[in-house]
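Please find one structure pasted underneath; my questions will follow.
The values are calculated or read from the model by the stated rules, or taken from the named source; none is laboratory data. It should be emphasised that the depicted structure is a prediction, and the values quoted were computed from it without experimental measurement. Cβ atoms come from the backbone with ideal geometry, glycine included; neighbour counts cover every protein chain shown.
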Amino acid sequence: MEYFHHSEEWKVFICNNCMHAVWPDKIQKHLKQKHGVANEKGAKISEEIRQRFHTVAENPADFVSPTIPPEEIPHLQVYTDGFQCQVCQAIRKTREGIRKHCRQAHNRTEHTHRGQPSRAKQRAVARSEQPLWIAVDRFQRFFPSREHSNYFQVREQRGRQRHRVCYASEEVQWAAKVNGELDGIWKKAAEIRAKADRIIEEGETDEVNKWVDRTKWNRYLKGYEHEALLDLVEKPEEEEEVEDAIWSAMAGLAKFCQKTVAQKAGLFV
Ligand SMILES: [Zn+2]
Ligand SMILES: [Zn+2]
């Protein structure tokens, strides 16, 4: 099997194995690092492919990314069931990912802005706001990191679309409508319950254990949202290179501290 596919339309080389694009001047490095191809052989493959195809974007500035959802691009990985931000159209693979994006990029949460607004304001925001994100069926991306690594929505390839023929009698439609309304009521109730649980309240002294009592977390964290705090301790995603570096450094520091404490105090913490 050939290592790369050349996309005439998008002017890129796509690795057949990794299913993402590789910049022309990184082909040799990619073959070595990802597929263990020796330097000499990699250089030969790179030279051959570059001589064969001339319509190629040489660098990020040369590359033109899709503006409207294109049809599924062959050879690129297809992702399904993601979430798209309604403010900037960014796509994330997971619900946690899009929640984090909305909070970090737009300072918005599902129901309210960051902080602890009054209950009246929370209610007003919840009533008036459009959904922050919507589900997206199929999406792809060209590069795995840095420039042009954003996901974009794609349309299913022609001829592969399933034809969904749906016929429903009036009775069935009516039952579905009632079910839908009931679902709506349950969802609302669940939202109200979830919101009530979301904000940390300062506990009574007799409620907290000795450790929390000593660290005073209940006092420092009062008024913050659980979700926003959990974001801060979540492992960064692969695109977040700076956060990833900080994450690794902190892990190193924690290990170092643990070792020191174990040596000095003879305790394993
Ligand atoms: Zn590859
Ligand atoms: Zn956004």
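Step by step: first the residues of segment 131-153, then only those that are among the aromatic types (Phe, Trp, Tyr) and over 13 Å from the mean Cα position of the chain (by Cα), then the one that is nearest to PRO74 (Cα to Cα). Which residue is that? Please lay out each step first, then the result.
Narrowing segment 131-153 to residues among the aromatic types (Phe, Trp, Tyr): 133, 139, 142-143, 151-152.
Filter once more, keeping what is over 13 Å from the mean Cα position of the chain (by Cα): 142-143.
Numbers: PHE142: 11, PHE143: 14 Å.
The qualifying residue nearest to PRO74 (Cα to Cα) is PHE142.
Hey, can you tell me all the residues within segment 30-52 that are more than 14 Å from PHE143 (Cβ to Cβ), in contact with a helix residue (DSSP H, G or I) (Cβ under 9 Å, 6 or more places away or on another chain) and either touching a residue at least 24 places away in the same chain (Cβ under 8 Å) or within 14 Å of ligand 1 (Cβ to nearest atom) (or both)?
LEU31, LYS32, HIS35, VAL37, GLY42, ILE45, SER46, ILE49, ARG50
Say we look at segment 75-108 and pick out the residues that are among the β-branched types (Val, Ile, Thr) and either over 12 Å from the mean Cα position of the chain (by Cα) or surrounded by 15 or more Cβ atoms within 10 Å (Cβ to Cβ) (or both); which of these is nearest to ligand 2 (Cβ to nearest atom)?
First pass over segment 75-108, keeping only residues among the β-branched types (Val, Ile, Thr): 78, 80, 87, 91, 94, 98.
Checking which are either over 12 Å from the mean Cα position of the chain (by Cα) or surrounded by 15 or more Cβ atoms within 10 Å (Cβ to Cβ) (or both) leaves us with 78, 80, 87, 91, 98.
Details: VAL78: 22, THR80: 20, VAL87: 4, ILE91: 9, ILE98: 8 Å.
Taking the candidates together, the pick is VAL87.
List every residue pair whose Cβ atoms sit under 9 Å apart, with the two residues 6 or more apart in sequence or on different chains, where the first one lies in segment 5-25 and is more than 17 Å from ARG146 (Cβ to Cβ) and within 15 Å of ligand 1 (Cβ to nearest atom) and the second, anywhere, is of a type in the set (Ser, Thr, Tyr) and not in a helix (DSSP H, G or I).
Going by the 9 Å Cβ cut-off, the qualifying pairs are HIS6/THR55; ASN16/TYR3; ASN17/TYR3.
Return the only residue of ARG114, ARG92, ARG108 being touching a strand residue (DSSP E or B) at 6+ places or on another chain (Cβ under 9 Å), under 24 Å from GLU237 (Cα atoms) and modelled with pLDDT under 95. Steps first, answer last, please.
Values: ARG92 fails: modelled with pLDDT under 95; ARG108 fails: touching a strand residue (DSSP E or B) at 6+ places or on another chain (Cβ under 9 Å).
From the options ARG114, ARG92, ARG108, the qualifying one is ARG114.
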